[in-house]
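Novice: Structure provided below as structure tokens; questions to follow.
The values are calculated or read from the model by the stated rules, or taken from the named source; none is laboratory data. All figures in this text were calculated on a predicted structure; none of them were measured in a lab. As a convention, Cβ positions derive from the backbone with ideal geometry for all residues, glycine included, and neighbour counts pool all protein chains shown. Each accessible area value is taken on the protein alone, full model and side chains, heavy atoms only, with ligands, DNA and RNA left out. Shrake-Rupley method; radii C 1.70, N 1.55, O 1.52, S 1.80 Å.
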Amino acid sequence: MKGQGRKIAVLTAYDYPTARLLDEAGVDVILVGDSLSMVVQGRETTLPVTLEEMVYHAEIVGRAVQRALVVVDLPFPTAYVGVHKAVEAAARILKAARCQAVKLEGGAEQAEVIAALVSAGIPVMGHVGLRPQNVHQMGGYKVQRDEQRLKQDARCAEQAGAFGLVLECVPAPLAAEITQTLGIPTIGIGAGPECDGQVLVIHDLLGVTQDPMPRFVKKYANLHEVVSQAVRQYCDEVRTGVFPASQHAFK
Ligand code: KIV
């Protein structure tokens, strides 16, 4: 798609009905992100989610998808526990779920791990810029401006064999430059319009919560309002005896 100048649309999914909807709606890549820790499990960061939990959600999502590429995040601290454990963790996911690739946060420092996964036949998507698994070290969810480091991370991920690269919270001009220099596609989140593709968390795009959103999110729907209204009406109709009506009952 990069070669043809076609932009790549990526969204996260964590469950069967959502993954099926996204697949049927034509999304190119479905990411079972470790963001499930925050958006599904209600935790403050992505750090607590376990390999077992990622496998569980990957298996569910993989069952729903017929067409899109399914990529699954390797949870913290897989990128830091040595190549053998990383290969084992990724293999565990690929054995259990109908998915085709894993995503690993990191660049230059994780090159050895990326290369080991690739040599084991496991396609790897890298993830540089803001790395939420390192949020405490990075001092929060901030735009990353260390140009030399970002370029080096991107280059190393590609050289190690990554087939694609997420760029998170990177200034748009720098993301554009990295995108031009790499042969592999870049997938931006808060990295401007010149990336080869874009990724968003599905709950953010659908407006599931009313929590404040980062600047890079565009809300395409207000599901919070739609669902609240439907549930309020249901409660009201149960309490007033409007539901169930005769057509909802058996004779
Ligand atoms: O976990 C996730 O959802 C992600 C994307 C937002 C890139 O890593």
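Novice: Among the listed residues Leu130, Leu117, identify the single one that is touching a Phe, Trp or Tyr at 6+ places or on another chain (Cβ under 8 Å) and either among the aliphatic types (A, V, I, L, M) or over 21 Å from Lys85 (Cβ atoms) (or both).
Specialist: Values: Leu117 fails: touching a Phe, Trp or Tyr at 6+ places or on another chain (Cβ under 8 Å).
From the options Leu130, Leu117, the qualifying one is Leu130.
Novice: Before we move on, is Gly192 of a type outside the set (A, V, I, L, M) and over 21 Å from Asp146 (Cα atoms)?
Specialist: When the stated conditions are applied, Gly192 does not pass them.
Novice: Further question: Going by the structure shown, is Gln148 over 18 Å from Pro77 (Cβ atoms), part of a helix (DSSP H, G or I) and in contact (Cβ under 8 Å) with a residue 24 or more places away in the chain?
Specialist: In short, no.
Novice: Let me ask another. Which condition does Gly129 not pass, out of (1) within 14 Å of the ligand (Cβ to nearest atom); (2) out of contact with any helix residue (DSSP H, G or I) (no Cβ under 7 Å at 6 or more places or on another chain), if it passes all the others?
Specialist: Checking Gly129 against (1) within 14 Å of the ligand (Cβ to nearest atom); (2) out of contact with any helix residue (DSSP H, G or I) (no Cβ under 7 Å at 6 or more places or on another chain), the one that fails is (2).
Novice: Here's something else I'd like to know. From the list Asp236, Asp196, which one is farther than 19 Å from Pro17 by Cβ, within 16 Å of the ligand (Cβ to nearest atom) and of a type in the set (Asp, Glu)? Can you show your working first?
Specialist: Values: Asp236 fails: within 16 Å of the ligand (Cβ to nearest atom).
The unique qualifying residue is Asp196.
Novice: Now, a different point. I need the full set of residues from region 203-251 which are touching a Phe, Trp or Tyr at 6+ places or on another chain (Cβ under 8 Å) and either open to solvent by less than 70 Å² (accessible area, probe 1.4 Å) or under 30 Å from Gly188 (Cα atoms) (or both), in order please. Steps first, answer last, please.
Specialist: Of the residues in region 203-251, the ones touching a Phe, Trp or Tyr at 6+ places or on another chain (Cβ under 8 Å) are 205-207, 214, 234, 237, 243.
Residues satisfying the conditions are Leu205, Leu206, Gly207, Pro214, Glu237.
Novice: If you don't mind, another one. Among the residues of region 73-92, is there at least one that is buried (at least 21 other Cβ atoms within 10 Å of the Cβ), in contact with a Lys or Arg (Cβ under 6 Å, 6 or more places away or on another chain) and either in contact (Cβ under 8 Å) with a residue 12 or more places away in the chain or not assigned by TED's automatic domain parsing to the domain that holds Val124 (or both)?
Specialist: Within region 73-92, one or more residues are buried (at least 21 other Cβ atoms within 10 Å of the Cβ), in contact with a Lys or Arg (Cβ under 6 Å, 6 or more places away or on another chain) and either in contact (Cβ under 8 Å) with a residue 12 or more places away in the chain or not assigned by TED's automatic domain parsing to the domain that holds Val124 (or both).
Novice: Search region 115-154 for residues being in contact with a Lys or Arg (Cβ under 8 Å, 6 or more places away or on another chain) and either crowded, with 19+ Cβ neighbours inside 10 Å or outside the structural domain of Gly192 (by TED's automatic domain parsing) (or both), and hand back the single one that is farthest from Leu165 (Cα to Cα).
Specialist: Of region 115-154, the ones in contact with a Lys or Arg (Cβ under 8 Å, 6 or more places away or on another chain) are 124-127, 130, 138.
Still in the running and either crowded, with 19+ Cβ neighbours inside 10 Å or outside the structural domain of Gly192 (by TED's automatic domain parsing) (or both): 124-127, 130.
Working: Val124: 9, Met125: 5, Gly126: 5, His127: 5, Leu130: 12 Å.
My answer is Leu130.
Novice: Within region 167-178, work out how many residues are open to solvent by 10 Å² or more (accessible area, probe 1.4 Å) and not in a loop (DSSP other than H, G, I, E, B).
Specialist: Count: 6.
Novice: Looking at region 170-177, is at least one residue in the same structural domain as Val70 (by TED's automatic domain parsing), more than 20 Å from Ala9 (Cα to Cα), of a type outside the set (Gly, Ala, Ser) and touching a strand residue (DSSP E or B) at 6+ places or on another chain (Cβ under 7 Å)?
Specialist: no
Novice: State all residues of region 179-193 that are away from the ligand (no atom under 16 Å from the Cβ) and outside any helix (DSSP H, G or I); if no residue qualifies, say none.
Specialist: Leu182, Gly183, Pro193 - these are the residues of region 179-193 that are away from the ligand (no atom under 16 Å from the Cβ) and outside any helix (DSSP H, G or I).
Novice: Which condition from (1) out of contact with any Gly (no Cβ under 7 Å at 6 or more places or on another chain); (2) farther than 23 Å from Thr186 by Cβ; (3) among the basic types (Lys, Arg) is the one that Arg98 breaks?
Specialist: (1)
Novice: Filter region 98-120 for residues that are part of a loop (DSSP other than H, G, I, E, B) and either among the polar types (S, T, N, Q) or touching a residue at least 60 places away in the same chain (Cβ under 8 Å) (or both) and give the result.
Specialist: Cys99, Gln100 - these are the residues of region 98-120 that are part of a loop (DSSP other than H, G, I, E, B) and either among the polar types (S, T, N, Q) or touching a residue at least 60 places away in the same chain (Cβ under 8 Å) (or both).
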